[in-house]
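First up is the structure itself, then whatever we jot down about it.
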Amino acid sequence: MAETRVIHGFHAITARIRQHADSVLELYVDTNRRDPRVRDLLKLAEGGSVRVVQVDTKRLDGIAGNARHQGVVARVDAAQKVRHLDDVLDTLTEPALILVLDGVQDPHNLGACLRSADAFGVHAVVAPKDRAVGLNATVEKVACGAAETVPYITVTNLARTLRELQERNIFVVGADSEAETDLYGFQHPGPLAWVLGAEGEGLRRLTRETCDQLVRIPMLGSVASLNVSVSAGVCLSESRRQRTHEAK
């Protein structure tokens with residue numbers, strides 16, 4: 001029996017069907033919804049041979065755990081399509097760009113990080129199995145489909161994984177507010193792994209010590225720090241800008 005989990009919301013379910021229709025075991029739709037958005041989703045489900053079950057609102061609320069599901073919930077195979085970082089790195093045709101999250105526990109932050117990763121062409125997001133939120137229905141909804149397009153890989157020992165990246169000549173840079181070098185003075189258009197810490201705590205000591213370099217985002221206003229997902233977007237955007245400039 002396959003391990004399953006529930007996802008909800010139009011973005012997350014549409015992306016899952018488009019990317020991995022065979023992993024969608026059942027699609028539950030509120031019988032009260034007959035609008036064009038639902039009809040489009042049902043057409044997509046039919047094309048992907050996804051079983052559709054019409055249910056009442058009360059039952060749908062129960063399946064979704066009373067989350068804001070927009071009238072659509074899916075039960076999916078919980079198995080990850082990509083299980084190992086090597087599976088990603090061995091197939092790259094351009095310098096690696098990896099996002100490593102050191103213990104992000106807020107599902108909204110993880111979902112937003114995945115959106116940024118998708119937007120800036122990140123090849124994989126890596127996180128520890130422990131002290132991290134992992135993929136769940138809230139993450140998938142916030143990610144707006146990015147959870148299906150960006151490989152999310154969990155590892156047992158994050159520091160060891162960082163060293164393995166270094167052995168592959170991937171430069172490991174940590175975002176740290178106390179670093180001497182600021183983001184716009186850091187130039188590295190080659191293979192790169194950005195490491196960002198948890199909300200409020202930052203990088204753990206061993207993670208920080210394993211990085212090749214630490215870089216800070218310059219803060220010009222009154223706030224002391226940025227949300228981890230915003231920091232990820234800023235750092236990844238600058239790395240993508242450098243690569244684009246280097247290619248010209």
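The values are calculated or read from the model by the stated rules, or taken from the named source; none is laboratory data. No experiment lies behind these values; they were computed from the predicted model shown. All Cβ positions, glycine included, derive from the backbone under ideal geometry; neighbour counts span all protein chains shown. For the accessible areas, the whole protein counts, side chains as well, though only heavy atoms, and no ligand, DNA or RNA atoms are used. Shrake-Rupley method; radii C 1.70, N 1.55, O 1.52, S 1.80 Å.
Annotations for the structure displayed:
- Every pair of residues 6+ apart whose Cβ atoms lie under 6 Å, when the first sits in segment 224-242 and is touching a residue at least 24 places away in the same chain (Cβ under 8 Å) while the second is among the small types (Gly, Ala, Ser) and open to solvent by less than 40 Å² (accessible area, probe 1.4 Å): 229/112; 231/175; 232/116; 233/116; 235/175; 236/116
- Among (1) under 20 Å from the mean Cα position of the chain (by Cα); (2) of a type in the set (A, V, I, L, M, F, W, C); (3) more than 25 Å from residue 127 (Cβ to Cβ), the one test that residue 38 misses: (1)
- Scope segment 93-138; condition assigned to a helix (DSSP H, G or I) and acidic (Asp, Glu); matching residues: 118
- Residue count for segment 158-213, restricted to those that are open to solvent by 30 Å² or more (accessible area, probe 1.4 Å) and part of a loop (DSSP other than H, G, I, E, B): 14
- Unique residue being among the small types (Gly, Ala, Ser) and either surrounded by 14 or more Cβ atoms within 10 Å (Cβ to Cβ) or under 26 Å from residue 92 (Cα atoms) (or both) when the list is 222, 231: 231
- With respect to the stated conditions, residue 40 fails to be acidic (Asp, Glu), crowded, with 16+ Cβ neighbours inside 10 Å and touching a Ser or Thr at 6+ places or on another chain (Cβ under 9 Å).
- The number of residues in segment 1-22 that are open to solvent by 60 Å² or more (accessible area, probe 1.4 Å) and closer than 10 Å to residue 76 by Cα comes to 2.
- Boolean, residue 25 is in contact with a Ser or Thr (Cβ under 8 Å, 6 or more places away or on another chain), over 30 Å from residue 208 (Cα atoms), modelled with pLDDT of 90 or more and open to solvent by 30 Å² or more (accessible area, probe 1.4 Å): yes
- Contacts under 8 angstrom Cβ, first residue in segment 47-58 being within 18 Å of residue 17 (Cα to Cα), partner part of a loop (DSSP other than H, G, I, E, B), 6 or more apart: 54/31
- Across segment 111-146, the qualifying residues are those that are among the basic types (Lys, Arg) and more than 22 Å from residue 17 (Cβ to Cβ), and the one among them that is least open to solvent (accessible area, probe 1.4 Å) is 131.
- Test: residue in segment 95-110 that is open to solvent by 80 Å² or more (accessible area, probe 1.4 Å) and either closer than 30 Å to residue 176 by Cβ or β-branched (Val, Ile, Thr) (or both): yes
- Listed by first and then second residue, the pairs with beta-carbon distance under 6 Å, at least 6 apart or on different chains, first residue in segment 122-143 and more than 18 Å from residue 15 (Cβ to Cβ), second open to solvent by 20 Å² or more (accessible area, probe 1.4 Å), are 127/154; 129/154; 129/156; 133/105; 133/107.
- Among the residues of segment 43-64, those that are over 18 Å from residue 24 (Cβ atoms) and either of a type outside the set (D, E, K, R) or open to solvent by 100 Å² or more (accessible area, probe 1.4 Å) (or both) comprise 57, 58, 59, 62.
- Residue in segment 204-222 that is touching a Lys or Arg at 6+ places or on another chain (Cβ under 8 Å) and modelled with pLDDT of 95 or more present: yes
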